[in-house]
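The values are calculated or read from the model by the stated rules, or taken from the named source; none is laboratory data. Fair warning: this is a prediction, and the values are worked out from it, not measured in the lab. Backbone-built Cβ (ideal geometry, glycine too); neighbour counts: all protein chains shown.
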Amino acid sequence: MKDNTSIIRWSIILGSFIIISSILWNTYIFFQNFKSEERIKMEIWSKAQIELINSDQENISPLTLDILRKNTSTPMIMENTEGNIEHSNIENFNPSDSILVVKLIEKFSRENKPIEIKYNGEILSILYYGNSTVINKLKYYPLALLLIVFLFGSVVYFFYRSSKTAALNKLWSGMAKETAHQIATPLSSIMGWIEILKNKNIDDNYIDEIQKDVKRLNTITDRFSKIGSVPILEKNDIITETRSAIEYMKNRTSNSLNFKIETPKEKIITLLNPQLYGWTIENLIKNSIDSMKGKGDITIKISETKLLVDVLIIDTGSGIDKKLFNKIFDPGYTSKERGWGLGLSLSKRIIEDYHKGTIEVVSSIIGEGTTIKIQLKRTVG
């Protein structure tokens, strides 16, 4: 069913392009034919002009006069060998204005090849003529059609892109919720086993550590379940939440890593979902650890202005090429041999889509390190 829908959609798009292209081509042919007919009309007019010049007033053919009189739409200038100018169908024309005459002659010559009016092999005059009003209007029609094609193509492209994005978001949300569901089932069993172990005289320290990891798994399950749904944002101290995420990572990383956090003394209240925000901080720290190959310095700086809060994650890792500053947040992008390339993409989604903030690479030097900034709105009170 899905394949049939896709075939129908693309068939409609292809058919529309064929129809518009056909209209465009036929318009071009019509325009060229119309110009050819205009040329023939002016050549007939020039021959009538020759007959007029070489005929007595009493012997002028009525047909000749009719041809000369009926040209009421094509602008033209006729210049004889002595430089005398005659004109027709040109508004506000002054033959004594030599600059205007030259400009019009050049313009008409670009639009149409001048016609030499000859008699017995001798050039009597040169006829310069421009496009008629109809042709001037008609020549913009293909451009209008091209604009329509462009707009149509743009609409199709954005429609296709938004449909694809919506499908990916739906898939991502579905995978996240299914992951949460799959983790929750064995997690319930583990919690049951912990209760049994408590009654078996097992060292309480072991049980405490297991409970900590179970609590952590519960947090992970909760995070995954929130992907694809609108999370609840509550007033929280961003300093406390950031420290909590850092402490968790410190306890599970090498002693070769030095963590440093710089914050104001007072609380900074902002609207946060603690689970998702903490996940973002952990993802960024993990990314820094991978970049430093497990050894180096990670500094987290939190600062505030009247309206905004900035969280800087600074590492001493391998750095990022400037061309990749935006690309590293794309789904699937990774510089690791193993990995899905979803960590930074997920962080961007959490900060920008859910918290309405921004996340970006503000600076990076190859071989020296990288600084990533999260910016969120402050909450007063």
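Below are the figures for this structure:
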{"quantity": "Total residues in region 260-278, condition hydroxyl-bearing (Ser, Thr, Tyr) and either within 31 Å of the chain's Cα centre (by Cα) or under 15 Å from GLU352 (Cα atoms) (or both)", "calculated": "2"}
{"quantity": "Residue check, GLU91 buried (at least 16 other Cβ atoms within 10 Å of the Cβ), assigned by TED's automatic domain parsing to the domain that holds SER132, under 50 Å from the mean Cα position of the chain (by Cα) and charged (D, E, K, R)", "calculated": "no"}
{"quantity": "Residue within region 3-14 that is at pLDDT 75 or above, of a type in the set (Lys, Arg) and either in contact with a strand residue (DSSP E or B) (Cβ under 7 Å, 6 or more places away or on another chain) or surrounded by 11 or more Cβ atoms within 10 Å (Cβ to Cβ) (or both) present", "calculated": "no"}
{"quantity": "The listed residue being part of a helix (DSSP H, G or I), out of contact with any Gly (no Cβ under 9 Å at 6 or more places or on another chain) and farther than 16 Å from GLY130 by Cα, out of LEU52, LEU100", "calculated": "LEU52"}
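Residue-wise test of (1) under 24 Å from LYS35 (Cβ atoms); (2) in contact with a Ser or Thr (Cβ under 9 Å, 6 or more places away or on another chain); (3) surrounded by fewer than 12 Cβ atoms within 10 Å (Cβ to Cβ).
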{"residue": "SER109", "(1), (2), (3)": "yes, no, no"}
{"residue": "PRO114", "(1), (2), (3)": "yes, no, no"}
{"residue": "TYR119", "(1), (2), (3)": "no, no, no"}
{"residue": "SER125", "(1), (2), (3)": "yes, yes, no"}
{"residue": "TYR129", "(1), (2), (3)": "yes, yes, no"}
{"residue": "LYS139", "(1), (2), (3)": "yes, no, no"}
{"residue": "ALA144", "(1), (2), (3)": "yes, no, yes"}
{"residue": "PHE150", "(1), (2), (3)": "no, no, yes"}
